[in-house]
1. For the range 75-160, state which trypsin sites (Lys or Arg not before Pro) are in a DSSP loop and have at most 15 other beta carbons lying within 10 Å of their beta carbon.
2. Would you mind checking which residues have amide H under 5 Å from Glu42's amide H? H placed 1.01 Å from N; only 5 or more apart, or other chain.
3. Once you place label points 7 Å from the Cα toward the Cβ at Glu342 and Asp307, how far apart are they in nm?
4. Is there a pair in Lys85/Lys113; Lys253/Lys296; Lys40/Lys170 whose C-alpha atoms are over 20 Å apart, and which pairs would that be?
5. Using modelled backbone amide H atoms (1.01 Å from N, in-plane), which distant-in-sequence or interchain residues come within less than 5 Å of Gln194's amide H?
6. Suppose a student asked you for the relative contact order of the chain, using Cα pairs under 8 Å spaced at least 6 residues apart; what percent would you report?
7. Treating the beta-carbon of each Lys and Arg as +1 and of each Asp and Glu as -1, no other charges, what is the dipole magnitude of the chain about its Cα centre, to the nearest 20 debye?
8. Determine one quarter of the surface area of the Cα convex hull of the range 95-142, which equals its mean projected area, and express it in nm² to one decimal.
Amino acid sequence: MPKTPPATPLEGIRIIDLTSVIMGPFATRILADMGADVIKIEPPEGEMLRTPSGRPNPIMINLYRNKRSVMLDLKSAEGRATLEKLIGTADVLVHNLRPQVMARLGFTYEAVKAIRPDIVYCAAHGFGAGGPYGPKAAYDDLIQAGSGFAAAAIPVTGQPAYAPAVICDKVAGQTIAYAILAALLHRERGGGGQAIEVPMFETAIDFNLVEGFGGVVYEPPRGPPGYARIQTPERRPYPTADGYACILPYSDKNWRDFFAAVGRDAWSDDPRFATRGDRVTHADTLYAMIRQEAPKRTTAEWVAFCDGADIPCMPMITVQRLAEDPHVMAVDLLPVVEHPTEGPYRAVRPPVTFSAAPYVLRRHAPALGEHTDEVLAELEAGHFLKSRPADGSA
C-alpha cells in the first residue's frame, strides 16, 4: 500500500521550544509554518514579550502562530519531570538559555540524549561556547556593535549606527531553522541525533562579511574593508516629485539608457563610468546625479520609464502602505485573519511556497499556557506517538 503523503513538509516532527524573545521564536515559527508540532514551554509569568495579561503583543501575533503554549515551572521538580516526558516524544529541543542555566535545570545535551538518544539538540547562544565571550549576555544591539554592522555606517555618515531592525536576531533565527533541518535530514539518513550550536555573534559576522570584507579578505590586505557601492552617502531612496524611489541602473546598457533619458549622453563616453568596476569607484558621482534628476519626475513616471527600459527601479513603500501594494495583494502575503482574542490582524504568510504542501494557518498565537491541559492530557493518554523509535532504528 502506498504511503499517504504528509500534508506539510514537517508533519510528524515535534519540537520542544525553550526559546524566548525573537531569535529562537523566529526559527521555530519557520519550522511551525512548515508543519512541525512546536510546543512552546513558558514559565508561569510568561514570555517576556507578553502583555501583563498573558496575551500576545504585536510582535508575538505572527511570531508565535502555529505553536502550542505550555506553561511549566522548570524551577520545580514537577515541571522538570513533565519536560522530561515531553522530551521523550520529541525530535528536536531548541533553547537560547545560557549553558549554565541548562546545566542547573538538568537539561544539558548529555542529559537530554539519555532521555531521547536520537534527539536534535540545538543551543542558540549569543557567542560560541569555545571563546572568551561565551558567558556574555547577547542582545541584537550588542551583536551589531561587535560584529561590524554598526561600524559599517561610519564611511556613510561618519558615525557608527545600529540598523533600525533586529537584523542579527532574525539572521540567527533563520540559521537555527536551516541547521535543525539539516540535522533532521542527517538523522533520517542514519546519522542519529546530535548537538548543534548556533551563536548569534559568529552568525552575524559571517552574514556581514559576505560583501563587508572587501580588501581585508586577503592576507596581507589589498584594500580597505567594505564594498564601495554601498558605502556612499548618496546610496538612499531618492526624492521624486511626489515621493521616493530606488532608481538603480546597473548594467552597461542600463546606464547608457539612463544617461540618454536625462540628457547626459556625454557621460556614456566618460572613462569614469566605462565598466562596472569604474562605476563602483565613482558611485558617489553617479548616485548624486540620480538624486539631482529624480525630483524632475513623479515616482510613477520613474517606475514606468525604468520598467520600460528594463532599469531596476522600485517605489519606496512604507509599512503602512505595504498591504495596499498590488504585488503584495496579488500573492496574498498579508491576509487579514481573525484572532480569537485580539481581533482582525495581518498574518504575514511564509514567503516560501511548496507546490505539494500548501501553507495552512493552523493556530493563532496562543495565550499563556493555552495548550497546557491539552498537551498534558495527550501525554498522559499516550497520544504522543514518537515519529521514530527512541533508539533511532527505522
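1. Those satisfying the criteria are Lys75, Lys136.
2. Result for Glu42 returns Val70, Met71, Leu72.
3. The modelled label-to-label distance comes out at 3.3 nm.
4. Working: Lys85/Lys113 13 Å; Lys253/Lys296 22 Å; Lys40/Lys170 18 Å.
Beyond 20 Å: Lys253/Lys296.
5. Hits under the 5 Å cutoff: Val120, Tyr121.
6. Once divided by the residue count of the chain, the mean separation gives 20 percent.
7. It works out to roughly 300 debye.
8. Result: a mean projected hull area of 3.7 nm².
Every number in this text was worked out from the coordinates using simple rules, so none of it is lab data. A quick note: this is a predicted structure, and the numbers were derived from the prediction, not measured. When we count neighbours, we look across all protein chains shown, and the Cβ atoms used for this are built from the backbone with ideal geometry, even at glycine.
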